[in-house]
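Since the structure comes first, as structure tokens, the remarks are kept for the end.
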Amino acid sequence: MENLKGDIIRENEDDIVIHLNHICKSGKIFYKDNLDSKDICLMDFINTDIIKFKDPKPENRTFYKVVSGDEEITLAERIVPLKNFSNFRDLGGYETKDGRNVKWGLFYRSEDLSNLKGEDLKYFESLGIKYVLDYRSSDEVLKNPDVEVKSVKNINISGMNLGGNDNLDMTTYVEGILSGNKIDINPEELLKQAYKNMPLDNLAYKELFKLFKDPKNTAILQHCTAGKDRTGVGAALILLALNVDEETVIKDYLESNDNREGLNKKIMEACKDYIKDEKTKQMIEGILGVKESFIKASLKSIKEKYRTYEEYFEAEYDLGKEELNKLRDTYLN
């Protein structure tokens, strides 16, 4: 029988469902709201692979443990359930090439934190985040500054630099398209070029891996404006460093499309009176979403310059194989 695996789905504000990969004769569900706290028994279950229950602590982040016989797995929600956010995620739970799993609650990714308030702010404070890496340009930060959170250090370094312009902001291109201004370059082509450049000699990601090297710095949140491009590449690099395969890395990257689908539809609806033709519509949709070809451009750029990802991490971030393996032992189950 295959080793026990599972996923968590939130059906609504109160109900959580765990789907296991096979039926278990019996078992227990434990939970804790802090990585360092003790497990609390939530419930028993018998002869099932689907377990439904009420969220025991809806006001904060919760980690679950499923125990059945001599098997146990730790689970958490991939999408962090904040009311004013659509793309706030935990990078935990992904399986590595050697059969281990990224620990939950250490590495987060999201859109900007300008709308962090009320219940969301209280929930955010339960995540134990110590560092926020903001990849936005100075212009973007000026327009929508992150909400300051006590005990969290915010570091702002632009993650996208093209032609010496570290204030590259795709929102500006959307506004230009809608206002009828002539755009010299297709924004999608501009994005693809930016993706090629982002993994190489990027000060923002150098700061990310400076934090990554010391486990005491976790939990770490990286974000940009929509949490999909600059953050998408940064998240991909973390997963690659932890020995997650490319297919899974790309899948995580593309999840932004599903998470932002409702929001992007609202944006397109708000813009409909300004969209004059199908070409304009496609250009804006291309900017609002992510494409597999984008992240593959980043991965190709790395592999064209370096023989292996290990060589890349050593050359770009002074992260040698021995140190990387030690960090993997710390960050993986």
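For the structure I just gave you, tell me whether I275 is closer than 28 Å to L116 by Cα, in contact with a helix residue (DSSP H, G or I) (Cβ under 8 Å, 6 or more places away or on another chain) and not basic (K, R).
no
So, restricting to helices (runs of 4 or more DSSP H) that lie completely within the stretch 235-333, which ones have at least 1 residues that are among the hydrophobic types (A, V, I, L, M, F, W, C) and closer than 23 Å to I79 by Cα?
Numbers: elements: 246-259, 261-271, 278-288, 292-305, 309-317, 321-331.
Counting at least 1 such residues, we get 246-259, 261-271, 278-288, 292-305.
Looking at S110, is it of a type in the set (S, T, N, Q) and under 17 Å from V233 (Cα atoms)?
Against the criterion (of a type in the set (S, T, N, Q) and under 17 Å from V233 (Cα atoms)), S110 qualifies.
Would you check which residues across the stretch 120-161 are under 17 Å from Y205 (Cα atoms), buried (at least 16 other Cβ atoms within 10 Å of the Cβ) and either free of Cβ contacts under 8 Å to residues at least 40 places away in the same chain or not assigned by TED's automatic domain parsing to the domain that holds D229 (or both) and list them?
Hits for the stretch 120-161 are S137, N154, N156.
Going residue by residue through the stretch 219-234, is there one that turns out to be out of contact with any Cys (no Cβ under 6 Å at 6 or more places or on another chain), assigned to a helix (DSSP H, G or I) and surrounded by fewer than 24 Cβ atoms within 10 Å (Cβ to Cβ)?
Residues of the stretch 219-234 out of contact with any Cys (no Cβ under 6 Å at 6 or more places or on another chain): 219-229, 232-234.
Adding the requirement that they be assigned to a helix (DSSP H, G or I) leaves 232-234.
Next cut, surrounded by fewer than 24 Cβ atoms within 10 Å (Cβ to Cβ) only: none.
No, the stretch 219-234 contains no residue that is out of contact with any Cys (no Cβ under 6 Å at 6 or more places or on another chain), assigned to a helix (DSSP H, G or I) and surrounded by fewer than 24 Cβ atoms within 10 Å (Cβ to Cβ).
Taking the options E311, E323, E261, E255, name whichever one is out of contact with any helix residue (DSSP H, G or I) (no Cβ under 7 Å at 6 or more places or on another chain), closer than 28 Å to S137 by Cα and modelled with pLDDT of 95 or more.
Details: E311 fails: closer than 28 Å to S137 by Cα; E323 fails: closer than 28 Å to S137 by Cα; E261 fails: modelled with pLDDT of 95 or more.
Being out of contact with any helix residue (DSSP H, G or I) (no Cβ under 7 Å at 6 or more places or on another chain), closer than 28 Å to S137 by Cα and modelled with pLDDT of 95 or more holds for just one of E311, E323, E261, E255, which is E255.
Can you go through D49, D33 and tell me which one is among the charged types (D, E, K, R), under 21 Å from the mean Cα position of the chain (by Cα) and not assigned by TED's automatic domain parsing to the domain that holds N259?
Of D49, D33, the one residue that is among the charged types (D, E, K, R), under 21 Å from the mean Cα position of the chain (by Cα) and not assigned by TED's automatic domain parsing to the domain that holds N259 is D33.
One line per residue, one yes/no per condition, for (1) β-branched (V, I, T); (2) surrounded by 15 or more Cβ atoms within 10 Å (Cβ to Cβ):
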{"position": "E11", "(1), (2)": "no, no"}
{"position": "G27", "(1), (2)": "no, yes"}
{"position": "T48", "(1), (2)": "yes, no"}
{"position": "F63", "(1), (2)": "no, yes"}
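The values are calculated or read from the model by the stated rules, or taken from the named source; none is laboratory data. Since the model is a prediction, treat every value here as computed from it, not as a measurement. Quick reminder, even Gly has a Cβ in these numbers, built from the backbone with ideal geometry, and neighbours come from all protein chains shown.
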